[in-house]
């Protein structure tokens with residue numbers, strides 16, 4: 001029992017040490033160069049400078065540890081995205097994901113998923129982009145932001161709303177307006193919790209844009225008004241003017257021209273590349289719907305000259321109608337022919353978009369199948385590694401404890417043999433006196449009451465009862481007080497071996513012992529022979545077990 005307790009305690013300590021080592025190794029966070037921390041912060045305020053800084057240390061970072069050079073690659077994509085530089089390939093982000101999904105710093109995984117979504121958004125693969133954005137949300141939810149530095153925790157809190165906004169834009173482009181609105185509304189809630197006024201009016205504007213595109217101009221107007229009021233409170237005049245224009249677009253669609261006139265008279269639009277089409281489309285349509293075609297002409301002319309294919313298509317249609325009303329049939333036909341050509345290009349573009357969407361969905365399905373196959377394979381490999389590791393650990397523990405057991409047994413056997421030799425040596429002293437004492441004790445045992453009772457039972461083929469064994473040991477202690485303590489010190493007897501040895505001391509023969517203990521005579525001879533070999537291993541002057549017992 002003591003040996004088992006030692007083995008169990010040692011095994012528990014070994015397992016605890018292994019688990020402690022595993023946990024400590026998993027919790028080690030890599031240390032990153034200061035230049036990467038600087039570039040990370042710079043990407044939010046001056047992404048062009050962050051791109052330049054990262055390029056200047058590219059060779060050094062690529063030769064660093066995997067943790068460093070993968071973070072460098074991630075920050076490179078991040079800075080390029082924020083600097084509006086094109087993301088034309090997914091090879092780099094796939095390598096980054098492979099690293100962070102299989103043992104890299106888990107705190108970097110949400111950003112890795114987010115920028116994977118941005119890469120696939122730029123590549124036009126909406127399903128894959130949405131999948132990565134959702135993975136970014138999932139990993140963010142599982143991340144304990146309290147363990148991160150305060151600045152990083154704030155960025156990740158902000159990232160939740162940005163991810164939702166990106167999903168909203170993708171859903172909108174896929175004409176999934178309800179899903180798009182849900183994303184922007186969730187982003188608005190997060191911005192409200194963070195007291196982010198800029199994020200709040202941008203989310204309201206995005207909801208309004210979705211509703212406008214979906215044709216719900218009344219509801220869109222309400223969101224644009226709310227966003228414009230918040231922008232005015234914040235003092236963002238540029239976005240406020242843009243939102244006024246958006247309100248005007250809704251009012252034009254609703255034919256509320258008097259309200260448009262009041263709004264347009266209250267501000268001077270600031271034209272730039274970003275709002276060029278929106279402003280010119282608004283003013284052109286406004287004057288056209290009011291019947292002031294001459295005022296609308298310059299705006300549609302600008303769209304026809306520099307607008308997108310969609311804007312040019314609308315502009316040629318308007319000019320065709322304009323020239324028809326002026327009685328200029330030749331020019332009207334020219335614009336109508338140009339409109340037809342643009343519509344053919346648009347139809348082709350729409351077909352290409354549908355084909356691209358179908359292709360991306362198909363490719364996404366294939367990638368999901370491949371990812372599932374790789375995941376199953378990886379889980380099987382991981383399970384195999386864990387099983388092999390467990391087997392190795394168990395074998396090592398078994399060998400260790402087997403070695404310990406053998407050492408303990410060797411010491412025990414050595415001590416027992418020394419004790420047995422001491423007994424045998426003591427038997428040689430005063431041999432004649434001892435022989436006379438043993439003969440006297442043997443006679444007393446044969447004449448004892450219990451001996452006679454056992455003999456009668458044996459003659460009647462009856463085995464002994466529990467009370468008889470108590471009487472046997474009591475008689476032995478009275479007549480030969482040293483016998484039982486000496487015999488117990490020689491060997492760790494089983495119950496049958498012990499009873500057989502006691503009856504041997506009383507002088508009973510194997511047939512009688514067999515009856516008393518309910519065993520066959522052959523079994524008694526065999527058991528005594530084995531016991532003799534186990535105790536002495538052949539190294540003794542005694543011929544058998546009976547001779548040894550009678551000498552005690």
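Nothing in this text is a laboratory measurement; each read-out follows from the coordinates by a stated rule. Values in this document were obtained by computation on a predicted structure and should not be read as measured data. Here the Cβ positions follow ideal geometry from the backbone for every residue, glycine too, while neighbour counts run over all protein chains shown.
Observations, loosely collected:
- Put in order of Cβ neighbour count within 10 Å, fewest first, the listed residues 449, 157 become 449, 157.
- The residue 151 and residue 379 beta-carbon pair, evaluated with R₀ = 25 Å, returns a calculated FRET efficiency of approximately 0.10.
- Enclosing the Cα atoms of region 248-317 in their convex hull gives a volume equal to 89 cubic angstrom per residue.
- Using distinct alpha-carbon pairs, which all enter the 1/r mean, Kirkwood radius of region 431-550 in Å: 14.8
- Residue exposure proxy: 267, 532, ordered by other Cβ atoms within 10 angstrom of their Cβ from fewest to most, comes out as 267, 532.
- Percentage, to the nearest whole number, of Cα pairs in region 195-315 over 23 Å apart: 29
- To the nearest ten degrees, helix 466-479 and the longest principal axis of the Cα atoms of the chain are 60 degrees apart.
- If R0 is taken as 51 Å, the Cβ-Cβ distance between residue 41 and residue 268 corresponds to a FRET efficiency of 0.85.
- For the pair residue 178 and residue 395 in one chain, pulling the backbone fully straight at 0.36 nm per residue adds 72.1 nm over the alpha carbon distance.
- Segments 305-311, 546-552, 378-384 sorted - mean Cβ within 10 Å per residue, highest first: 546-552, 305-311, 378-384
- Gain on full extension, evaluated as 0.36 nm per residue between residue 442 and residue 418 minus their Cα-Cα distance, stands at 5.9 nm.
- Residues of region 224-243 with an amide N closer than 20 Å to a point placed 7 Å from the Cα of residue 254 along the Cα-to-Cβ direction: 224-232, 240-243.
- Cα long-axis angle, helix 47-56 against the chain (0 to 90 degrees, to the nearest 10): 50
- Shape category assigned to region 285-326 from the gyration tensor of Cα positions, a/c cut at 1.5: prolate
- Which label in (1) 4, 17, 25, 24, 17, 9, 4, 1, 0; (2) 3, 18, 28, 27, 16, 6, 2, 1, 0, 0; (3) 3, 11, 15, 13, 10, 7, 5, 6, 7, 7, 5, 5, 4, 2, 0, 0 gives the computed P(r) over Cα pairs in 10 Å bins from 0, in percent: (3)
- Fewest-first sequence of 412, 114, 525 by Cβ atoms within 10 Å of each Cβ: 412, 525, 114
- Applying 1/(1 + (r/R0)^6) with r as the Cβ-Cβ distance of residue 297 and residue 344 and R0 = 22 angstrom yields a FRET efficiency of 0.30.
- Relative to the longest principal axis of the Cα atoms of the chain, helix 91-101 runs at roughly 40 degrees.
- Normalised by residue number, the volume inside the convex hull of the Cα atoms of region 129-192 is 75 Å³ per residue.
- For the chain, the 222 nm mean residue ellipticity estimated from helices alone, with every DSSP H stretch of n ≥ 4 adding -39500 (n - 2.57) and the total spread over all residues, rounds to -27000 deg cm²/dmol.
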